[in-house]
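A.B. asks: Take this structure, written in structure tokens, and hold onto it; I'll ask about it next.
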Amino acid sequence: MINSISDPDNLALSAKHTSSPAQGAITFLGTGTSTGVPQLGCSCPTCLSTDQRDKRLRTSAVISVNNKSILIDAGPDLRQQLITNKTHKLDAILLTHVHYDHVSGLDDVRPLGEMRIYGERKVLDQIKRNMPYCFGKYKFPGVPNLDLFEIDENEFTIDGLKITPIRVMHAKLPILGYRIGDIAYLTDVKTIDENEFSKLKNLKILVLSALRRTEHFSHLSLSEAIKLSKKIGANVTYFTHASHEIGLQSELDKELPKNIHFAYDNLTINF
Ligand SMILES: [Zn+2]
Ligand SMILES: [Zn+2]
């Protein structure tokens with residue numbers, strides 16, 4: 001279930017994206033880095049902001065295409081994110097990598113019934129180690145019913161919906177982003193191999209991580225993310241996975257190039 005945009009700041013955007021029949025939608029459940037924003041113990045202007053858009057839970061999104069709702073990543077805020085966005089049905093979960101802010105909420109989907117989880121071998125192995133009570137011969141009664149599906153860089157389908165994994169590098173850690181139809185979701189990116197750009201042509205929407213203004217060893221900075229967005233050339237790009245150092249949302253959008261926006265929690269874009 002996807003909510004429509006209700007934020008007046010985004011009416012222009014909404015109109016733009018709903019002028020042609022919508023094929024799908026993305027809802028940003030969380031747009032914050034691993035610490036979330038506000039960050040514990042911090043009293044910087046961003047962390048003290050009363051603007052709802054400066055409250056960023058851990059990065060996650062639901063992409064809905066052809067009546068299928070696909071969750072990308074399941075961080076520690078998942079339960080609250082799904083409740084806030086009235087998302088009561090998920091068809092599958094795609095995992096980008098196994099860092100805590102991307103997988104630690106998997107247990108939260110238990111009430112939604114049997115759930116298909118897609119990830120690389122090393123990711124699934126770690127999930128089994130993190131949640132041993134959910135797997136193996138003697139499962140604890142009432143545990144989440146998680147079906148693990150191993151994927152690699154090759155295309156696969158979920159109930160006929162084509163998913164294209166994109167190899168991205170999170171510093172030296174190879175992780176996955178995903179293309180579903182005309183949208184690609186790439187988080188925790190530092191670099192992308194030249195070979196992968198062919199999978200990112202003709203995108204309506206690109207979601208890309210942009211951590212902060214200063215450089216970081218494993219994440220794109222704002223200026224690096226802008227440069228990469230221009231190279232990929234999607235119709236519209238939305239940034240996610242922000243640290244408090246990124247500053248206020250109300251200031252951010254004004255300084256970004258045309259067709260690049262900073263996403264915020266609970267924003268829905270139809271495409
Ligand atoms: Zn992360
Ligand atoms: Zn702060």
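The values are calculated or read from the model by the stated rules, or taken from the named source; none is laboratory data. Just so we're clear, the structure is a prediction, and the values are computed from it rather than from any experiment. Please note: Cβ atoms are built from the backbone with ideal geometry, for glycine as well, and neighbour counts cover all protein chains shown.
A.B. asks: When you go through Leu40, Leu90 one by one, which is the residue that is away from ligand 2 (no atom under 16 Å from the Cβ), over 21 Å from Phe239 (Cα atoms), surrounded by fewer than 22 Cβ atoms within 10 Å (Cβ to Cβ) and free of Cβ contacts under 8 Å to residues at least 40 places away in the same chain?
C.D. replies: Leu90
A.B. asks: Follow-up. Name the pairs whose Cβ atoms lie under 7 Å apart, with the first residue in the stretch 159-174 and under 16 Å from Ser209 (Cα atoms), the second among the basic types (Lys, Arg) and away from ligand 1 (no atom under 15 Å from the Cβ), and 6 or more positions between them or separate chains?
C.D. replies: Ile166/Arg179; Ile166/Lys199; Pro174/Arg167
A.B. asks: How many residues are surrounded by 15 or more Cβ atoms within 10 Å (Cβ to Cβ) and more than 16 Å from ligand 2 (Cβ to nearest atom) when one looks only at the stretch 192-215?
C.D. replies: 12
A.B. asks: Against the conditions (1) outside any helix (DSSP H, G or I); (2) on the phi < 0 side of the Ramachandran plot, where does Gly142 fall short? Just the number, please.
C.D. replies: Condition not satisfied by Gly142: (2).
A.B. asks: From the list Ile192, Ile226, pick out the single residue that is farther than 28 Å from Asp51 by Cα, without any contact (Cβ under 8 Å) to a residue 60 or more places away in the chain and more than 13 Å from the chain's Cα centre (by Cα).
C.D. replies: Ile192
A.B. asks: Given Asp73, Asp125, Asp147, which one is within 27 Å of Ile192 (Cα to Cα), out of contact with any Gly (no Cβ under 7 Å at 6 or more places or on another chain), acidic (Asp, Glu) and surrounded by fewer than 16 Cβ atoms within 10 Å (Cβ to Cβ)?
C.D. replies: Details: Asp73 fails: surrounded by fewer than 16 Cβ atoms within 10 Å (Cβ to Cβ); Asp147 fails: within 27 Å of Ile192 (Cα to Cα).
It is Asp125.
A.B. asks: When you check Gly105 against the structure, is it among the small types (Gly, Ala, Ser), over 22 Å from Gly181 (Cβ atoms) and touching a Ser or Thr at 6+ places or on another chain (Cβ under 7 Å), yes or no?
C.D. replies: no
A.B. asks: May I pose another question? Let me confirm something: among Asp147, Asp125, which residue is touching a Lys or Arg at 6+ places or on another chain (Cβ under 9 Å), outside any loop (DSSP other than H, G, I, E, B) and free of Cβ contacts under 8 Å to residues at least 40 places away in the same chain?
C.D. replies: Only one candidate passes the filter, namely Asp147.
A.B. asks: Here's something else I'd like to know. Which residues, taken from the stretch 97-121, are more than 16 Å from ligand 1 (Cβ to nearest atom) and without any contact (Cβ under 8 Å) to a residue 40 or more places away in the chain?
C.D. replies: Result: Asp107, Asp108, Val109, Arg110, Pro111, Leu112, Gly113, Glu114, Met115, Ile117, Arg121.
A.B. asks: Against the conditions (1) closer than 20 Å to Lys55 by Cβ; (2) of a type in the set (S, T, N, Q); (3) under 16 Å from the mean Cα position of the chain (by Cα), where does Asn270 fall short? Just the number, please.
C.D. replies: That leaves (1) as the condition not met.
A.B. asks: Looking at the stretch 249-271, I want the residues that are more than 21 Å from Lys230 (Cα to Cα) and of a type in the set (Ser, Thr, Tyr) and have a partner that is outside any loop (DSSP other than H, G, I, E, B) and at pLDDT 95 or above with Cβ atoms under 8 Å, at least 6 apart or on another chain. Which pairs are those?
C.D. replies: Ser250/Arg53; Thr268/Ala25; Thr268/Ile26; Thr268/Thr27; Thr268/Phe28
A.B. asks: Looking at (1) within 16 Å of ligand 2 (Cβ to nearest atom); (2) surrounded by fewer than 24 Cβ atoms within 10 Å (Cβ to Cβ); (3) among the aliphatic types (A, V, I, L, M), find the lone condition where Ala242 falls short.
C.D. replies: (2)
A.B. asks: Looking at Ile83, Ile63, can you tell me which residue is hydrophobic (A, V, I, L, M, F, W, C) and buried (at least 22 other Cβ atoms within 10 Å of the Cβ)?
C.D. replies: Ile63
A.B. asks: Tell me which residues, restricted to the stretch 169-183, are surrounded by fewer than 19 Cβ atoms within 10 Å (Cβ to Cβ), hydrophobic (A, V, I, L, M, F, W, C) and under 12 Å from Val123 (Cα atoms).
C.D. replies: Across the stretch 169-183, the qualifying residue is only Leu173.
A.B. asks: Right, Leu228: away from ligand 1 (no atom under 15 Å from the Cβ) and closer than 18 Å to Thr31 by Cα or not?
C.D. replies: The answer is no for Leu228.
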